[in-house]
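The values are calculated or read from the model by the stated rules, or taken from the named source; none is laboratory data. Remember, predicted model here, so these are calculated numbers, not experimental data. When we count neighbours, we look across all protein chains shown, and the Cβ atoms used for this are built from the backbone with ideal geometry, even at glycine. Keep in mind that these areas ignore ligands, DNA and RNA; they rest on the heavy atoms of the full protein, side chains included. Shrake-Rupley method; radii C 1.70, N 1.55, O 1.52, S 1.80 Å.
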Amino acid sequence: MRVDLLVLAPHVLTMAGDGVGYRAGVAMAVDRGRIVDLGDAAGAAERYRADETLSLPHHLVLPGLIDAHLHTGCCILRGLAQDTRHWMMYGLQPFDNAVRQEDRDTGSLLAILEAVQAGTTTLGDYGEDMEAVCAAVERIGVRGHLTQLIREVERRVYGPDELYPFTPALGRQLLDRNLSLYDRWNGRADGRIRILFGPQAADFLSEPLLQEVRRAAVERGARIHMHVQQGDRETRQIMMRYGRRPIAWLGEIGFLDEHLIAVHLTDADDREAAEVARSGAAMILCPGSIGLIDGILPPAAAFQAAGGRCGLGTDQAAGNNGTNMFNEMKAVCLFTKLKHQDPELMPAWRALRMATIENARAIGLGDQVGSLEAGKRADFIAVDLRRASMLPVHLEPMRNLVPNLVYSARGPEVVLAAVDGRVIMRDGEVAGIDREELCDRVNACARGIGERAAREFREVDGVGARFMRMGRL
Ligand SMILES: [Zn+2]
């Protein structure tokens, strides 16, 4: 049988079935971007005539990681909004107000580089102007599950009890941008790009606009990717406006169903999380981000216990400091064990499933990626088992590959990433990104943002400004 590519590896986690699908000595045959067979490595040379053979003799091969929710553009503000309450107003806002679109686009490239180097092959990016990200995804070869942000509320500082006024012209403009993005990019790059609809959150859009976005998404068979009950500020807004908590209100207006990808649920309780799960909507948990900026672990355990599909995301590097799914896998395990004081909760294998197959199912790509099975797209990564952090390799009587991957690996152990059977990263080099040039450009953006943000940063005088005065940064 002739195939494009044959991948040979001593250890494979297929993520098929309900565990991690471990297989030893595997030959994975890939043709026209799809996996056509996973057989024994022994005798593979006789069974297949491959145009190319990828021999990975001391590696662990597994599906490419999926980052179901992130804002790549925010990467340009990495490390500027932590260790503070009210992170958005007192941490991020002075810098966010100084960011230009070219800064965001540069931040996006930085985030994509960092993500792919750490084994992410599907990016659930979410932003206000996604043109440059779409072009970068097409060029670099990664898979993009991309969302246009829609809001109907102007960006400025609001008092805690001030009801946001809606600006319909702004909402209309952003919905039109989403529709146009969908028409131009959905299905492009050999189907690697999918466009979703992105109402920012229930408090940022009027009900008529929310319903219009929903109709537009449902008509096209596209998902709605939305922050849900992402903080007490949202809860207060919805209570003031409609007299209900956000999830109850979203249920009443028919927003909770399988079309919805609900991100965060930070301010939801277990009962509300279970209600979302039962509706068929998916949940995306961003443990690093919400842990760092809010000190909260959202009720993912209750959501999963109710049978919901729950995936993982990195959210934004301004808060969580990294576009790296290894951080999130470790964080969800640690935080769950700490919150419930039970080391048996959230084992490593479950976190790995949340970053692969469960994430794929949560965002509607379960038939395409997330596991290595015949018929699926050949998105895979190779982890070097001779790196110090992956050693020793125990195989009998107990394998330690999955615990080492989740609790010990930090990202550089991933030495190869492929999407649709095409290698997009090898030894840290990502096709289509000039690292030196990007590094200079990123730091030039940082200097410009610093100059423009300085006055407001000092006026706000948040934790960051005080730490600077006290010599703590
Ligand atoms: Zn977000």
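Only one residue in L196, L174 is surrounded by 15 or more Cβ atoms within 10 Å (Cβ to Cβ) and in a helix (DSSP H, G or I). Which one? Quick ask: steps written out before the conclusion?
On the way: L196 fails: in a helix (DSSP H, G or I).
Exactly one of L196, L174 is surrounded by 15 or more Cβ atoms within 10 Å (Cβ to Cβ) and in a helix (DSSP H, G or I), namely L174.
Quick one: count up the residues across the stretch 175-197 that are among the β-branched types (V, I, T) and farther than 27 Å from E207 by Cβ.
Taking the stretch 175-197 first, the residues among the β-branched types (V, I, T) are 193, 195.
Still in the running and farther than 27 Å from E207 by Cβ: 193.
Count: 1.
What single numbered condition from (1) within 22 Å of I224 (Cβ to Cβ); (2) away from the ligand (no atom under 16 Å from the Cβ); (3) assigned to a helix (DSSP H, G or I) fails to hold for V133?
The failed condition is (2).
Could you list, in sequence order, the residues of the stretch 311-362 that are within 16 Å of the ligand (Cβ to nearest atom), under 13 Å from L65 (Cα atoms) and of a type outside the set (S, T, N, Q)?
If the condition is that a residue be within 16 Å of the ligand (Cβ to nearest atom), under 13 Å from L65 (Cα atoms) and of a type outside the set (S, T, N, Q), then G311, L312, G313, M325, E328 are the ones that fit.
Taking D31, is it more than 23 Å from the chain's Cα centre (by Cα) and more than 16 Å from the ligand (Cβ to nearest atom)?
Numbers: more than 23 Å from the chain's Cα centre (by Cα): yes; more than 16 Å from the ligand (Cβ to nearest atom): yes.
For D31, the condition - more than 23 Å from the chain's Cα centre (by Cα) and more than 16 Å from the ligand (Cβ to nearest atom) - is met.
Just to verify a result, which residue in the stretch 326-354, among those that are within 15 Å of I290 (Cα to Cα) and of a type outside the set (A, V, I, L, M, F, W, C), is most open to solvent (accessible area, probe 1.4 Å)?
It comes out as K339.
Tell me yes or no: at least one residue of the stretch 235-249 is within 13 Å of the ligand (Cβ to nearest atom) and in contact with a Lys or Arg (Cβ under 7 Å, 6 or more places away or on another chain).
Checking the stretch 235-249: not a single residue is within 13 Å of the ligand (Cβ to nearest atom) and in contact with a Lys or Arg (Cβ under 7 Å, 6 or more places away or on another chain).
List every residue pair whose Cβ atoms lie under 9 Å apart, where the two residues are 6 or more positions apart in sequence or sit on different chains, the first residue falls within the stretch 405-424 and is farther than 20 Å from L54 by Cα, and the second residue, located anywhere, is modelled with pLDDT under 95.
G411/G322
Being away from the ligand (no atom under 13 Å from the Cβ), open to solvent by less than 10 Å² (accessible area, probe 1.4 Å) and of a type in the set (V, I, T) is the requirement here; does I66 meet it?
yes
Go through G307, G254, G288, G280 for me and flag whichever is under 16 Å from I66 (Cβ atoms) and among the small types (G, A, S).
Numbers: G307 fails: under 16 Å from I66 (Cβ atoms); G254 fails: under 16 Å from I66 (Cβ atoms); G280 fails: under 16 Å from I66 (Cβ atoms).
Going through G307, G254, G288, G280 in turn, just one is under 16 Å from I66 (Cβ atoms) and among the small types (G, A, S): G288.
Quick check: is even one residue across the stretch 256-267 within 15 Å of the ligand (Cβ to nearest atom) and open to solvent by 30 Å² or more (accessible area, probe 1.4 Å)?
Narrowing the stretch 256-267 to residues within 15 Å of the ligand (Cβ to nearest atom): 260-267.
Within this subset, residues satisfying the condition of being open to solvent by 30 Å² or more (accessible area, probe 1.4 Å) are 267.
Within the stretch 256-267, one or more residues are within 15 Å of the ligand (Cβ to nearest atom) and open to solvent by 30 Å² or more (accessible area, probe 1.4 Å).
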